[in-house]
1. Using 0.36 nm per residue of separation minus the Cα-Cα distance, give me the extension gain between residue 33 and residue 81 in nm, one decimal.
2. How large is ³J(HN,Hα), in whole Hz, for each residue of the stretch 35-43 in order, when computed from phi with the Karplus curve 6.51 cos²θ - 1.76 cosθ + 1.60 and θ = phi - 60°, using x for Gly and Pro?
Amino acid sequence: MNKNMNVEVDDDIMMDASGGLRVRDTGMQGFEVGDTVRFRAVDESGRQEIRIGQIIEVAASDDGQSRSYTVDNYDRPITENNLKAV
């Protein structure tokens, strides 16, 4: 018979689960220019597809709490929640 276990999820486990990389010197989760990532893209007709590309630009939000990324094969900014490391 299986026993139920409660597991406490800390920041490191959540970082691994979300697929991100830790930004050097800040401890924040994120990606850097040149990283290869996988993401879900939406085309003009509204269809979703999975794409792989390289990050060419990183922009921080005004409050410094989040970032948006520009990927070489997609014309819209992508949030870090939609990126996975490849």
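1. So the extension gain works out to 15.6 nm.
2. Coupling constants for the stretch 35-43: 5, 8, 9, 10, 8, 9, 10, 10, 8 Hz.
Every read-out reported here was derived from the displayed coordinates using simple, explicitly stated rules and does not represent laboratory data. Worth saying up front: this structure is predicted, and the values here are computed from it rather than measured.
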